[in-house]
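For reference, the structure is listed below as structure tokens.
Read the figures in this text as sums done on the coordinates, not as results from a lab. Not measured: the values here are computed from a predicted model. Methodologically, a virtual Cβ is constructed for each residue, glycine included, from the backbone with ideal geometry; neighbour enumeration extends over all protein chains shown.
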Amino acid sequence: MAPMASTESSGNYGAEERAIILDVAAEAIAQGLEQRSPWVPDTSDYAETLRQPRASFVTLEMDADLRGCIGALEAYRPLVQDVAHNAFAAAFQDPRFPPLSSAEYPRLTIKVSVLTAPEPLAFASEAELLQQLRPGADGLILKDARHRGTFLPAVWEQLPDPIDFLAHLKRKAGLPMDYWSNDLEVLRYTTESFARPPHSQRAAP
């Protein structure tokens, strides 16, 4: 079954590249079920566009409910290796969920989001920050001292109001929802996201 493309960001990857990226995520989970250890793809097996350092998130859903989500915000390894690492971690190391079982594997929807490099936003007040936000397009990274959190652009579907989006991001970072400080840092990124529905992975071990 062909992967379903989302509408997030303009596409840098063609249909074949998207399918390969989703194959890598699915294979990393399948090998994790078989061997209980991460799989590191050989980058020489992939096109140059998939060997470039990129940051990604892998989100797993089962019956429309979140089943795991792990990712990186900075690009420091080849895309296929980053996707494989995050897919394994989302399936077996997300502390919010027990490790994935073989019975669950065919029911997974696998989503991959490839991130652009984060860019800092300049603002002198919360009102200025809110005016710059682009609902549906922006992913945000919020930092303040030891506190840090991020929301992917997909979170706008649940929190379409910029005020709510920012408030819940503060809470995710461990801060009060009405928190404000002159030391607050916010960076923006976008994603190219695509997904594979259940029953399109190879047979579970």
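Scan around G68 for amide H atoms under 5 Å from its own, H built in the peptide plane at 1.01 Å from N, and keep only partners 5 or more places away or cross-chain.
L60
Kindly write out, for region 138-155 in residue order, the coupling ³J(HN,Hα) from the Karplus curve 6.51 cos²θ - 1.76 cosθ + 1.60 (θ = phi - 60°), rounded to whole Hz, with x marking Gly and Pro.
Taking θ as phi minus 60°, the curve returns 7, x, 10, 10, 10, 10, 7, 6, 8, 8, 7, x, 9, 10, 5, x, 4, 5 Hz for region 138-155.
R77's amide H: which non-local residues (gap 5+, or another chain) put their own amide H closer than 5 Å, with H modeled 1.01 Å from N in plane and none for Pro or chain starts?
R54
Run the numbers on region 119-189 and let me know its relative contact order in percent, using alpha-carbon pairs under 8 Å that are six or more apart.
About 41 percent, as a whole number.
Roughly how tilted is helix 162-172, in degrees to the nearest 10 and between 0 and 90, from the longest Cα axis of the chain?
70
Quick check: convex hull of the Cα atoms in region 119-189, volume per residue, rounded to a whole Å³?
It is 74 Å³ per residue.
Considering amide H positions built from the backbone, and no H for Pro or chain starts, which residues 5 or more places from L100, or on another chain, come under 5 Å of its amide H?
HN-HN under 5 Å from L100: F92.
Return the loop-located chymotrypsin sites (Phe, Trp or Tyr not before Pro) in region 113-181 (DSSP other than H, G, I, E, B) with at most 15 other Cβ atoms within 10 Å of their own Cβ; answer none if there are none.
F123, W180
For the modelled label position 7 Å from the Cα of E185 along Cα-to-Cβ, which residues of region 120-136 have backbone nitrogen atoms closer than 17 Å?
Residues 120-124 qualify, since their backbone N sits under 17 Å from the label point.
Step by step: find N for region 1-115, compute 2.2 N^0.38 Å, then divide the Cα radius of gyration by it. What's the final number?
Dividing the Cα Rg of region 1-115 by 2.2 N^0.38 Å gives 0.99.
Starting from the Cα coordinates of the chain, work out the convex hull volume and express it per residue in Å³.
122
Taking Cα pairs under 8 Å and at least six residues apart, what relative contact order does region 70-188 come out at, in percent?
It rounds to 23 percent for region 70-188.
Between A47, A87, A195, which gets the highest mean-square fluctuation from a Gaussian network model of the chain, Cα cutoff 10 Å?
Greatest mean-square fluctuation among the candidates belongs to A47.
Please order E126, E61, E119 by the number of other Cβ within 10 Å, starting at the fewest.
By the 10 Å Cβ count, ascending, the order reads E119, E126, E61.
What are the ³J(HN,Hα) couplings of region 103-119, residue after residue, when phi is run through the Karplus curve with 6.51, -1.76, 1.60 and θ = phi - 60°? Round to Hz, x for glycine and proline.
5, 7, 3, x, 8, 6, 9, 9, 10, 10, 10, 9, 9, 7, 5, x, 10
Give, rounded to the nearest 20 debye, the magnitude of the charge dipole that the chain has about its Cα centre when Lys and Arg contribute +1 at Cβ and Asp and Glu contribute -1 at Cβ.
Using only the charged Cβ atoms, the result is roughly 400 debye.
Spelling out what I want: for every residue of region 43-59, take phi, set θ = phi - 60°, compute 6.51 cos²θ - 1.76 cosθ + 1.60 (Karplus), and round to whole Hz; glycine and proline get x.
Once θ is set to phi - 60°, the couplings for region 43-59 become 5, 5, 7, 10, 5, 4, 4, 8, 9, 6, x, 9, 9, 9, 10, 10, 10 Hz.
Between beta-carbons, use under 14 Å as the cut-off and find the net charge around P176, counting Lys and Arg +1, Asp and Glu -1.
Taking every other residue near P176 into account, the sum is 0.
Can you tell me how region 63-176 classifies by the Cα gyration tensor, rounded, prolate or oblate, using a/c under 1.5 as the rounded cut?
prolate
Sequence gap at least 6, Cα distance under 8 Å: using those rules, report the relative contact order of the chain to the nearest whole percent.
Once normalised by length, the contact order is 28 percent.
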